[in-house]
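Please read the structure below before turning to the comments.
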Amino acid sequence: MAKINIGGQAVIEGVMMRAPRSMAIAVRRPSGEIVIKKEEVVPLSERFPLVKLPIVRGAVALFSSLIIGITALNFSANEAMAEEKEGEAKQELSSWAMAGTMAVAFGFGILLFFVLPLYLTKLLTPVIGESNIIFNLVDGVIRMAVFLIYIFSISRMGDIQRVFQYHGAEHKSIFAFEAGEELTVENVRKYSCLHPRCGTSFLLIVMMVSIVIFSLIPKLWPFYLKAGSRVILLPLIAGVSYELLKWSAKHDQLPLVKLLISPGLALQRLTTREPDDSQLEVAIRSMSEALEVNAGYKDDRLVV
């Protein structure tokens, strides 16, 4: 079939796959049964031409992915907690509860990765001096350190290990699809867990791009203005990072690009684990269902 863009996300005991016009979530229940949620997704770029513009499409893709991610996590959490005993009611997580949780997590992320490094850098001003360049460089180094410590910390949590295995299964399945292989466990198993279009690599690019963009903020601004501007500039940072990620994925065979993407691939060693065959089966099922709903739509256009 013609080449199409497809991506995914590991969820609780499952995988979500997104094709240009479809989305499918496959989750393994405690009983071993694989349950599916799938639906057609109309690209926003068809309804709003502005979304096709560079930078804009990246910012929109970020928030669109957050919404779809909430749906996928909500579904997977409900199904993963399904009781094996027939007749017992399973506990449901409401969409509002999941959305509230995600909102709190998003706010925590802004405080941890953007506001905290700025505050710590402000405390270091007597040591680093008044240079705007040095200030923003130190701020960027602290932000990167906080990010890496956070990723390393969650990678050591036992409950996260299975999610990271499904993350690896997602990447292997996408690699097999991109190679034109039949989607079987045997074919998918041989591929790498590290993919250049991974969200982990995207986050690392966001950290790097933020250093450049935040350097444009005057150091003499009061703390509340600098902190507020960082939140306001997030869509721009996401848009630029998105374009860089897509470009690097298309040119990942060039020696210079290989060098540039190597830190992101190295970081994925913390956020992916080698999956077992049952997890590969779930990822394959999710991709197969997404491609089926995609209904033969064959295009390589960038869709958000």
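The values are calculated or read from the model by the stated rules, or taken from the named source; none is laboratory data. Just so you know, these numbers come straight off a predicted model, no measurement behind them. Note that each Cβ is placed from the backbone with ideal geometry, even for glycine, and that neighbours are counted across all protein chains shown.
In this structure, does residue 220 turn out to be assigned to a loop (DSSP other than H, G, I, E, B) and more than 17 Å from residue 11 (Cα to Cα)?
Values: assigned to a loop (DSSP other than H, G, I, E, B): yes; more than 17 Å from residue 11 (Cα to Cα): yes.
Yes: the conditions hold for residue 220.
Taking the stated definitions as given, is residue 46 acidic (Asp, Glu) and in contact with a Ser or Thr (Cβ under 6 Å, 6 or more places away or on another chain)? Steps first, please.
Working: acidic (Asp, Glu): yes; in contact with a Ser or Thr (Cβ under 6 Å, 6 or more places away or on another chain): no.
No.
Residues in segment 244-259 that are of a type outside the set (Ser, Thr, Tyr) and surrounded by 16 or more Cβ atoms within 10 Å (Cβ to Cβ) were compared, and the one that is farthest from the chain's Cα centre (by Cα) is 257. Taking the numbered list (1) over 19 Å from the mean Cα position of the chain (by Cα); (2) crowded, with 21+ Cβ neighbours inside 10 Å in turn, residue 186 passes all entries but (2). Residues that are touching a residue at least 60 places away in the same chain (Cβ under 8 Å) and either in contact with a Phe, Trp or Tyr (Cβ under 9 Å, 6 or more places away or on another chain) or of a type in the set (Phe, Trp, Tyr) (or both) within segment 162-177 comprise 164, 166, 171, 172, 173, 174, 177, listed in sequence order. Checking the structure you have, find out if any residue of segment 195-206 is in contact (Cβ under 8 Å) with a residue 12 or more places away in the chain and more than 21 Å from residue 61 (Cα to Cα). Within segment 195-206 (the criterion being in contact (Cβ under 8 Å) with a residue 12 or more places away in the chain and more than 21 Å from residue 61 (Cα to Cα)), the answer is no, since none of the residues qualifies.
Would you confirm, using the coordinates I've provided, whether residue 1 is in contact with an Asp or Glu (Cβ under 9 Å, 6 or more places away or on another chain) and either at pLDDT below 85 or within 25 Å of residue 244 (Cα to Cα) (or both)? Walk me through how you get there before you give the answer.
Numbers: in contact with an Asp or Glu (Cβ under 9 Å, 6 or more places away or on another chain): no; either at pLDDT below 85 or within 25 Å of residue 244 (Cα to Cα) (or both): yes.
So residue 1 does not fit the description; no.
Among the residues of segment 237-258, is there at least one that is in a helix (DSSP H, G or I), in contact with a Lys or Arg (Cβ under 9 Å, 6 or more places away or on another chain) and at pLDDT 95 or above? Scanning segment 237-258 turns up no residue that is in a helix (DSSP H, G or I), in contact with a Lys or Arg (Cβ under 9 Å, 6 or more places away or on another chain) and at pLDDT 95 or above. Scanning segment 32-74 for residues that are closer than 23 Å to residue 244 by Cα, of a type in the set (A, V, I, L, M, F, W, C) and either in a helix (DSSP H, G or I) or in contact with a Lys or Arg (Cβ under 9 Å, 6 or more places away or on another chain) (or both) yields a count of 12. Considering segment 13-59, the residues that are among the β-branched types (Val, Ile, Thr) and touching an Asp or Glu at 6+ places or on another chain (Cβ under 8 Å) include one that is surrounded by the fewest Cβ atoms within 10 Å (Cβ to Cβ), namely 55.
Taking residues in segment 139-161 that are more than 12 Å from residue 114 (Cα to Cα), and partners anywhere that are polar (S, T, N, Q), the pairs with Cβ atoms closer than 7 Å and at least 6 places apart or on different chains are 151/271; 155/271.
Just one of (1) under 17 Å from the mean Cα position of the chain (by Cα); (2) surrounded by 18 or more Cβ atoms within 10 Å (Cβ to Cβ); (3) over 20 Å from residue 9 (Cα atoms); (4) of a type outside the set (Gly, Ala, Ser) fails for residue 265. It is (3).
If I ask for residues that are among the hydrophobic types (A, V, I, L, M, F, W, C) and farther than 16 Å from residue 109 by Cα, which ones from segment 209-236 would you list? Outline the logic, then answer.
As a first pass, look at segment 209-236 and keep what is among the hydrophobic types (A, V, I, L, M, F, W, C): 209, 211-214, 216-217, 220-221, 223, 225, 227, 231-234, 236.
Selection gives 209, 211, 212, 213, 214, 216, 217, 220, 221, 223, 225, 236.
Only a single item in (1) touching a residue at least 40 places away in the same chain (Cβ under 8 Å); (2) farther than 17 Å from residue 138 by Cα; (3) surrounded by 19 or more Cβ atoms within 10 Å (Cβ to Cβ) is not met by residue 226, and it is number (2). Condition check for residue 136 on (1) at pLDDT 95 or above; (2) surrounded by 15 or more Cβ atoms within 10 Å (Cβ to Cβ): one failure, at (1).
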